[in-house]
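**Q** There's a structure below that I have some questions on.
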Amino acid sequence: SATINPTRFLQFFDRPQSKPLEVKGRVFPVTCIEKPPPSNCSEHKLIESHIVPSVIELYSHHEGHTLVFLPGQGEIQKALKMFNSKLPDNCTALALYGSQSPEDQEKVIKFNDKNKRMVVFCTNVAETSLTIPNVRLVIDSGWAKEARYDVKRRVTVIETVRISRSSADQRKGRAGRTASGHCVRLYEDVELKRPNIEPEILRSSLDLVLLQLIRLSLDPNTFPFMDQPTSDVINQSVELLTKLK
């Protein structure tokens with residue numbers, strides 16, 4: 001599963017001499033190859049022209065269940081509809097995303113039809129939050145939905161962004177939880193520009209965070225955040241809270 005950066009935490013809490021405890025789980029080898037779309041494949045036709053055809057092709061050459069990582073619910077429903085129209089024998093196609101009901105998520109997690117293999121079209125909720133047994137193949141589109149607070153417009157917007165390298169590694173690792181597996185990245189490695197996901201506090205509204213600090217009689221401008229927001233963002237939230245007082 002996902003892990004923190006222990007060095008940063010030790011430095012933040014001023015415990016450089018402490019040693020982190022590491023509990024290693026059993027990890028199976030996962031081979032990884034790249035299968036980027038052809039140069040003439042436009043982004044708005046990526047699902048029908050490259051992703052779904054790749055899933056159909058790769059499914060027939062691998063064992064176990066398959067995870068297909070897509071950015072969001074809309075892309076999942078589109079891919080699911082196309083894949084179902086060409087559904088291979090002995091295959092069940094399901095969706096998995098954060099806003100699903102617990103009952104729908106349970107269908108994926110507790111899938112136990114031994115006569116069928118499962119292809120799960122999922123978002124990054126399957127990176128770390130949920131574990132699906134017997135996944136042997138991961139097909140990674142390399143995209144994710146990310147919420148970001150627009151300081152100028154004072155609204156949160158949802159953007160489709162290229163994932164970080166740490167997210168790519170998490171997705172790859174899903175194929176090696178219970179046995180050796182395979183990961184196919186539908187993009188080139190050079191497209192992974194970010195080593196890690198940007199901390200949520202640096203891309204979210206600070207209004208409620210600062211309100212809590214003020215209630216505790218703490219100064220937002222001197223509070224030691226582990227990931228320090230800019231003074232402009234802090235001052236804007238303080239200004240808004242002052243007006244609402």
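Computed from the coordinates by the stated procedures, all read-outs in this text should not be read as laboratory data. Values in this document were obtained by computation on a predicted structure and should not be read as measured data. Cβ placement follows ideal geometry from the backbone for every residue including glycine, while neighbour counts extend to all protein chains displayed.
**Q** Report, to the nearest 10°, how far helix 231-244 tilts away from the longest principal axis of the Cα atoms in the chain, using its own Cα long axis and a range of 0 to 90°.
**A** Helix 231-244 sits roughly 70 degrees off the main axis of the chain.
**Q** Follow-up question, since we're still on this one. Please compute the length gained on full extension between Asp113 and Ser85, using 0.36 nm multiplied by the number of residues separating them and subtracting their Cα-Cα distance.
**A** 8.0 nm
**Q** How far is helix 73-84 tilted off the main Cα axis of the chain, in degrees rounded to 10, range 0 to 90?
**A** 0
**Q** Rank the residues Lys114, Lys45, Lys107 as a footprinting-exposure proxy: fewest other Cβ atoms within 10 Å of their Cβ go first.
**A** In increasing order of surrounding Cβ atoms, one gets Lys114, Lys45, Lys107.
**Q** Spin-label point model (7 Å from Cα, Cβ direction): what's the Phe225 to Ser99 distance in nm?
**A** 2.7
**Q** Suppose R0 equals 25 Å; then what is the FRET efficiency for Leu130 and Ser49 from their Cβ-Cβ distance, rounded to the nearest 0.05?
**A** 0.30
**Q** Tell me the label-point distance for the pair Arg215, Gln17, using the 7 Å Cα-to-Cβ offset, in nm and rounded to one decimal.
**A** 3.9
**Q** With each label point set 7 Å from Cα along the Cα-Cβ vector, what nm distance links Asp232 and Arg153?
**A** 1.7
**Q** Work out how much length Asp207 to Ile56 would gain on full extension: take 0.36 nm times their residue separation and subtract the Cα-Cα distance, in nm to one decimal.
**A** Using 0.36 nm per residue and subtracting the Cα-Cα distance, I get 49.7 nm.
**Q** Any chance you could get the radius of gyration and Dmax over the Cα atoms of the stretch 1-137, in Å?
**A** That works out to 18.5, 59 Å for Rg and Dmax.
**Q** Further question: Straight-line reach from Lys243: which lysines fall under 21 Å, measuring Cα to Cα and dropping same-chain residues less than 8 apart?
**A** Lys152
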